[in-house]
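Working notes, beginning with the structure itself.
The values are calculated or read from the model by the stated rules, or taken from the named source; none is laboratory data. Computed from a prediction, not measured in an experiment: that's the story for all the values here. We place every Cβ from the backbone using ideal geometry, glycine too, and count neighbours over all the protein chains shown.
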Amino acid sequence: MTICAWCETLVCGKGGEARRPAGCPQNRGEWLDIALREYELEQNRKMARSAADVETTGYCRWTRLEEMAQFADRMNFERIGLAFCSGLRREARIVADFLTSRGFRVISAVCSCGGVHKGDIGIPPESRFRREGFEAMCNPIGQASLMNEYETDFNIVLGLCVGHDSLFFRYAEAPTSVLAAKDRVLAHNPLAAVYLSKSYYRRLFEDV
Ligand code: SF4
């Protein structure tokens, strides 16, 4: 187990030889050497530098959407995949318009693309909204496959469900970033539950 989430010192962020706490991941393992070797790859180095430059240049000024365009610019990306949930189709159109206005080519794919019936991949009736008849499944592997076929340079995920997003990340070949994480209850702001976990959402820590 490693204890970063409970660390009181964060000495890793201060440099120098400060004493690390017990449970600090830096006390053991090969992981850091492995990671540092990966940063020697030109593409990884360019991504890390571009991300850092976006972070500092637009710090607390650029919205995430603007940061995405700035990052894609610095990376010389041209083709951007937009994998979105049908529940956010209006937002997807605005995002696609924005990216197009910034000079990118947008390859967009809704979650239900392919029109595959949930039952066809063995999703049982109790896990569908309708017990009978056609119900399109979310098709994140299909979304990723489409992006791969169009050879997107960069993908943006907009509101894919928990788990569906995991499948998209697993199958997408281009680097991917998230514009919005779906939370149907909290207007796609999942951290609201965390911010209110001592009050209205204290049930998070109650027995379930
Ligand atoms: S890496 Fe070590 S020092 Fe840094 S937050 Fe984690 S436990 Fe704390």
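Exactly one residue among Met68, Met47 is in contact (Cβ under 8 Å) with a residue 40 or more places away in the chain and either closer than 19 Å to Ala109 by Cα or among the polar types (S, T, N, Q) (or both), and that residue is Met68. Exactly one residue out of Ser127, Ser101 is over 23 Å from Ala181 (Cβ atoms), hydroxyl-bearing (Ser, Thr, Tyr) and exposed (fewer than 12 other Cβ atoms within 10 Å of the Cβ), and it is Ser101. The sole residue among Ala83, Ala52 that is assigned by TED's automatic domain parsing to the domain that holds Val162 and closer than 30 Å to Tyr39 by Cβ is Ala83.
Of the residues making up the range 151-208, those that are surrounded by 14 or more Cβ atoms within 10 Å (Cβ to Cβ), in contact (Cβ under 8 Å) with a residue 40 or more places away in the chain, within 24 Å of Gly87 (Cα to Cα) and among the charged types (D, E, K, R) number 1. Could you tell me whether the range 41-50 includes any residue that is within 30 Å of Gly142 (Cβ to Cβ), under 19 Å from the mean Cα position of the chain (by Cα) and surrounded by fewer than 16 Cβ atoms within 10 Å (Cβ to Cβ)? Looking through the range 41-50, at least one residue is within 30 Å of Gly142 (Cβ to Cβ), under 19 Å from the mean Cα position of the chain (by Cα) and surrounded by fewer than 16 Cβ atoms within 10 Å (Cβ to Cβ).
When the range 71-94 is filtered for residues that are under 13 Å from Val110 (Cβ atoms) and in contact with a helix residue (DSSP H, G or I) (Cβ under 7 Å, 6 or more places away or on another chain), the ones remaining, listed by number, are Gly81, Leu82, Ala83, Phe84. Could you say whether any residue in the range 69-91 is over 20 Å from Met147 (Cβ atoms) and surrounded by fewer than 12 Cβ atoms within 10 Å (Cβ to Cβ)? Yes, the range 69-91 has at least one match. Here Arg61 does not qualify as away from the ligand (no atom under 16 Å from the Cβ), under 20 Å from the mean Cα position of the chain (by Cα), among the charged types (D, E, K, R) and at pLDDT 95 or above.
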